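What follows is a short report on a single structure.
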Amino acid sequence: MTPRTQPFLDPGPEYTDLETAAAAVVPVPYDKGVSWGRGAALGPKAVIEASAEVEIYDEMLGFETCRMGIATVAPPPDLSSPVAMISSVRNAVRSLLDRGVFPAVLGGDHSVSVGVFRALLEIHPRLSVIQIDAHADLRETYQGDPLSHACVMARIRESTPHTLQIGIRSLCAEEAERIQREKAPVCTMEAYLSGAFDLAGALRRLPDPVYLTLDVDALDWSVIRSTGTPEPGGFSWYETLGLLHMIFRERDVIAFDVMELSQDPPDRPSAFAAARLLYKMFGFKLASHVARGEAVRPRKPAGPLFHPPRPSA
């Protein structure tokens, strides 16, 4: 697994070396699973380019998160088909997990998350998944494709009942019936805003560890506009940060992703917001371990920080 030429943030080579980094970004420029607007394959490059303009000091957390070391690796080598992509993403994420590096995957359309999930499930058979998204993504198939981005949570729920979906504001009758039948915990956007859903209680009931997957269409258009399947009425910037901070504080997040930025060249703010969001999530991960006394704020990268490397098979 080789580093990319342009790393996320570009804070200097001492903070982006995979050999000493605590975390790594895996860009996956893939959008064969989308159903409407394309451009998600261009999202990872746009986010990484925009990240060079992000301040490395986090004003909320009071430190420079990148000091823990955030490497950026090359995209998975085979993205030629849905099956090949899932296998290739699985291998890339598993390689990082085996060396104790925390993975953050940057998509790409949401079907990429199936590959991430499979890598994590091999190591953690009792894995929970939190999805922040405008769409339920619970269709069995969509437009004849069971690996569409509209089916990602259906594929995930085949292997774990431990899911929590937050911010949902668009779903079909089939998905609504499935949610009722399986009693799946789903916090719609309306329920979130009204307080009708006990989100704190649902988080507490969710077993660790957790994989957190975030589709940028969960956010309001005023924050991120460029996405393939936009929906009105999403989270504001600070609502998003508050929700993420709570998730990282309450649960042991062992990997996360940011998906579905559909690059639109005139819209530079969306890529920049996605870059800041990714960096905030790294910061919340580090802050959660510091708060629990499991780590200190590092002054320089020193290798695995959150979990030890896995022994070779």
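Here are a few things to note about the model shown:
- Taken together, P185, P266, P232 contain a single residue that is of a type outside the set (A, V, I, L, M) and in contact with a helix residue (DSSP H, G or I) (Cβ under 6 Å, 6 or more places away or on another chain), which is P185.
- Qualifying position, being in contact with a Cys (Cβ under 9 Å, 6 or more places away or on another chain), at pLDDT 95 or above and of a type in the set (S, T, N, Q), among Q131, Q165: Q165
- Matching residues, the range 159-183, being closer than 17 Å to V129 by Cβ, in contact (Cβ under 8 Å) with a residue 40 or more places away in the chain and not in a strand (DSSP E or B): S159, H162, R178, I179
- When the range 102-126 is filtered for residues that are under 28 Å from S262 (Cβ atoms) and not in a helix (DSSP H, G or I), the ones remaining, listed by number, are F102, P103, A104, V105, L106, G107, G108, D109, H110, S111.
- When the criteria are applied in full, S236 fails the requirement of being over 19 Å from I254 (Cα atoms), surrounded by fewer than 23 Cβ atoms within 10 Å (Cβ to Cβ) and over 20 Å from the mean Cα position of the chain (by Cα).
- Residue list for the range 269-297, restricted to those being in contact (Cβ under 8 Å) with a residue 12 or more places away in the chain, out of contact with any Phe, Trp or Tyr (no Cβ under 9 Å at 6 or more places or on another chain) and in a loop (DSSP other than H, G, I, E, B): none
Listed here are the residues, each with its yes/no results for (1) β-branched (V, I, T); (2) assigned to a helix (DSSP H, G or I); (3) at pLDDT 95 or above.
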{"position": "D31", "(1), (2), (3)": "no, no, no"}
{"position": "V34", "(1), (2), (3)": "yes, no, no"}
{"position": "A46", "(1), (2), (3)": "no, yes, yes"}
{"position": "A50", "(1), (2), (3)": "no, yes, yes"}
{"position": "D78", "(1), (2), (3)": "no, no, yes"}
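- Pick from the range 117-172, criterion surrounded by fewer than 17 Cβ atoms within 10 Å (Cβ to Cβ) and of a type in the set (D, E), ranking: farthest from D217 (Cα to Cα): E122
- Every listed requirement among (1) farther than 25 Å from R139 by Cβ; (2) within 18 Å of the chain's Cα centre (by Cα); (3) of a type outside the set (D, E, K, R); (4) modelled with pLDDT under 95 is met by G228 save one, (1).
- Residue in the range 82-100 that is over 26 Å from D137 (Cβ atoms) and crowded, with 19+ Cβ neighbours inside 10 Å present: no
- Close pairs from the range 86-109: first touching a residue at least 24 places away in the same chain (Cβ under 8 Å) and on the phi > 0 side of the Ramachandran plot, partner hydrophobic (A, V, I, L, M, F, W, C) and assigned to a strand (DSSP E or B), Cβ under 7 Å, at least 6 apart: G108/V28; G108/M259
- Residues that are buried (at least 19 other Cβ atoms within 10 Å of the Cβ), part of a loop (DSSP other than H, G, I, E, B) and more than 18 Å from the chain's Cα centre (by Cα), drawn from the range 57-76: G69
- Residue-level check: of (1) touching a Gly at 6+ places or on another chain (Cβ under 9 Å); (2) among the polar types (S, T, N, Q); (3) in a helix (DSSP H, G or I), Q263 misses just (3).
- Number of the exception - Y142 against (1) within 24 Å of L203 (Cβ to Cβ); (2) hydroxyl-bearing (S, T, Y); (3) in contact (Cβ under 8 Å) with a residue 24 or more places away in the chain: (1)
- Conditions (1) under 24 Å from A119 (Cβ atoms); (2) modelled with pLDDT under 95: number failed by L206: (2)
Listed here are the residues, each with its yes/no results for (1) modelled with pLDDT of 95 or more; (2) crowded, with 24+ Cβ neighbours inside 10 Å; (3) at positive phi.
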| site | (1), (2), (3) |
| --- | --- |
| S270 | yes, yes, no |
| A274 | yes, yes, no |
| Y279 | yes, no, no |
| G283 | yes, no, no |
| L286 | yes, yes, no |
| V296 | no, no, no |
| P308 | no, no, no |
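The values are calculated or read from the model by the stated rules, or taken from the named source; none is laboratory data. From a predicted model like this one, the values you see are computed outputs, not experimental measurements. All Cβ positions, even for glycine, are placed from backbone atoms using ideal geometry, and neighbour counts span all protein chains on display.
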